[in-house]
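The values are calculated or read from the model by the stated rules, or taken from the named source; none is laboratory data. All figures in this text were calculated on a predicted structure; none of them were measured in a lab. Quick reminder, even Gly has a Cβ in these numbers, built from the backbone with ideal geometry, and neighbours come from all protein chains shown. Calculation scope for accessible area: heavy atoms of the full protein, side chains included, ligands and nucleic acids excluded. Shrake-Rupley method; radii C 1.70, N 1.55, O 1.52, S 1.80 Å.
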Amino acid sequence: MTLRQYLILMTLCTVLSWVAWVAVLISVDPAEQGILAVLFFYASLGLAVVGTNAIIGLFLRARFNRLELVSRLAATSFRQAIWFAAAVIIALVLERMKVFTWWIMVGIIFALLVLEFFFLSLRRRAE
């Protein structure tokens, strides 16, 4: 696939994710429908954040790294977008539970950085 095809497909999926999140936000009352409504909220928001960050990451990587395969750039963008979305969702869940603090967020970021460096080291070994 070309860069343009990746970006079109990713944009379409991301727009659908944002539409799903808005639909959940408008039509679902978490007090009435319980934990399932909250799970739909976080899942749709997580997918939307992943898609948005993956598009931005792929676009920037493709702009500054023209020698790398587009599929590798897309894989890296998605992986890092997942880390970012996980941090956002974890922060929101912790805030909902009233236990969120800045030092917990620093710990989450540190743990996700360790995971990213682990994946980078696996990639270097494979090459």
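Table for the structure above
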quantity	calculated
Order of exposure, largest accessible area first, which applies to THR76, THR11 with probe 1.4 Å	THR11, THR76
Accessible area in square angstrom per residue, the chain, 1.4 angstrom probe	69 Å²
Choice from ILE35, ILE109, ILE90 with maximal GNM fluctuation in the chain (Cα, 10 Å cutoff)	ILE35
Simple Cβ-charge dipole of the chain, Lys/Arg +1 and Asp/Glu -1, about Cα centre, in debye nearest 20	620 debye
Value of relative contact order over the chain, rounded to a whole percent, pairs C-alpha under 8 Å and six or more apart	24 percent
Stretch in the chain that is longest and holds no trypsin sites (Lys or Arg not before Pro) that DSSP places in a loop and that have at most 14 other beta carbons within 10 Å	1-65
Candidates SER77, SER27, SER44, ranked by Gaussian network fluctuation over the chain, Cα under 10 Å, top entry	SER27
Shape of the range 1-68, Cα gyration tensor, a/c cut at 1.5	prolate
Simple Cβ-charge dipole of the range 79-127, Lys/Arg +1 and Asp/Glu -1, about Cα centre, in debye nearest 20	100 debye
Surface accessible to a 1.4 Å probe, TRP83 within the full protein complex, Å²	50 Å²
Of all accessible heavy-atom area on the chain, the percent that carbon and sulfur account for (1.4 Å)	74 percent
Solvent-accessible surface (1.4 angstrom probe) belonging to PHE40, in square angstrom, nearest 10	110 Å²
Furthest towards positive pole of dipole, VAL93, TYR6, VAL50, structure part the chain, Cβ charges	TYR6
Largest to smallest principal axis extent of the C-alpha atoms in the chain, angstrom	52, 34, 21
Sparse-neighbourhood loop sites, GluC sites (Glu not before Pro) in the range 60-122 - DSSP loop, at most 12 other Cβ within 10 angstrom	GLU68
